[in-house]
């Protein structure tokens with residue numbers, strides 16, 4: 001069971017680190033949003049703050065990328081894990097909501113991240129009790 | 001944690017959030033003109049069909065918790081991502097209307113500092 005949890009933590013960490021860096025260096029092939037105009041619009045607005053690259057650079061992709069990379073790193077080196085999991089919550093929620101609302105077929109990785117996030121939050125619940133006094 | 005100053009900050013932040021949260025459903029505040037990139041960004045969020053409702057519901061929930069003084073540290077951490085994005089949105093896309101964002105950011109940070117004890121366990125391992 002212990003090894004299982006280490007694998008979950010490292011797996012989520014590596015996944016986030018890869019997706020985080022991708023938002024700066026765009027190493028992976030671009031997503032194909034053909035047939036999903038809202039998804040494409042949102043993605044472009046996030047990346048370029050406009051409909052096309054001439055509109056200037058957006059801030060969201062860098063912010064989400066940086067957060068993902070930091071959370072990924074914290075999970076991998078096992079430092080401030082409860083904080084890392086809280087930082088990931090808004091990203092998990094929006095990954096899932098984005099795919100549910102505008103791009104359902106590619107929901108797989110989003111669900112994986114969200115489920116791992118929830119499970120690890122549950123495992124570390126003791127660290128959050130102080131917030132509910 | 002219980003000084004008059006903290007209480008005032010908490011109630012002010014609660015009221016501000018309640019007003020902005022309700023405004024996303026009822027639209028009683030006149031919206032200022034936004035630069036094109038900001039307007040495009042907002043429009044892209046509207047097309048998701050959920051983003052502004054989610055933000056509004058979180059703002060109202062946080063406001064109620066702050067006003068009732070229930071789970072205040074949780075309310076503040078729930079608000080943190082919104083605060084952060086309100087600030088960044090104005091910094092990058094609409095800097096002329098940044099002052100409300102700065103007020104909300106300062107209140108959020110100051111209150112988290114006052115309730116810091118509740119967050120210590122996040123940094124334990």
- [ ] Determine, from the Cβ-Cβ distance of residue B:4 and residue A:10 and an R0 of 41 Å, the FRET efficiency 1/(1 + (r/R0)^6), rounded to the nearest 0.05.
- [x] 0.30
Task: Area projected by the alpha carbon convex hull of the stretch B:4-123, averaged over all directions, nm² - done: 8.0 nm²
Task: Highest average packing first - A:76-86, B:19-29, Cβ atoms within 10 Å - done: A:76-86, B:19-29
TODO: Provide a whole-number value for the mean count of partner chain Cβ atoms within 10 Å of the Cβ atoms in peptide B:40-47.
DONE: 6
- [ ] Using packing as a proxy for protection, rank A:25-32, B:92-99 so that the peptide with the highest average count of other Cβ atoms within 10 Å comes first.
- [x] B:92-99, A:25-32
Task: Between the stretch A:89-133 and the stretch B:102-125, the alpha-carbon center distance in angstrom - done: 22 Å
Open item on the list: What do you get for the angle between helix B:36-47 and the principal long axis of chain B? Use alpha-carbon atoms, 0 to 90 degrees, nearest ten.
Closed with: 80 degrees
TODO: Could you work out the relative contact order of the stretch A:2-128, using alpha carbon pairs under 8 angstrom and six or more residues apart, expressed as a whole percent?
DONE: 27 percent
Task: Shielding by partners - mean other protein chain Cβ count within 10 Å, residues of A:125-131 - done: 6
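I'd like the Kirkwood hydrodynamic radius of the stretch A:2-128, using the inverse of the mean 1/r over distinct C-alpha pairs, in Å.
15.3 Å
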Open item on the list: Please report the spacing between the Cα centers of the stretch A:7-46 and the stretch B:41-64 in Å, no decimals.
Closed with: 22 Å
Open item on the list: Using only the alpha-carbon atoms, how far is helix A:60-77 inclined from the longest principal axis of chain A? Give it as 0 to 90 degrees, nearest 10.
Closed with: 30 degrees
Open item on the list: For chain B, take the longest principal axis of its alpha carbons; what is the angle in degrees between that and the long axis of helix B:99-114, to the nearest 10 within 0 to 90?
Closed with: 20 degrees
TODO: Could you check how many percent of all C-alpha pairs in the protein assembly as shown are farther apart than 23 Å?
DONE: 56 percent
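Every number in this text was worked out from the coordinates using simple rules, so none of it is lab data. Please read all numbers here as calculations on a predicted model, not as lab measurements. Glycine gets a Cβ as well: all are built from the backbone with ideal geometry, and neighbour counts include every protein chain shown.
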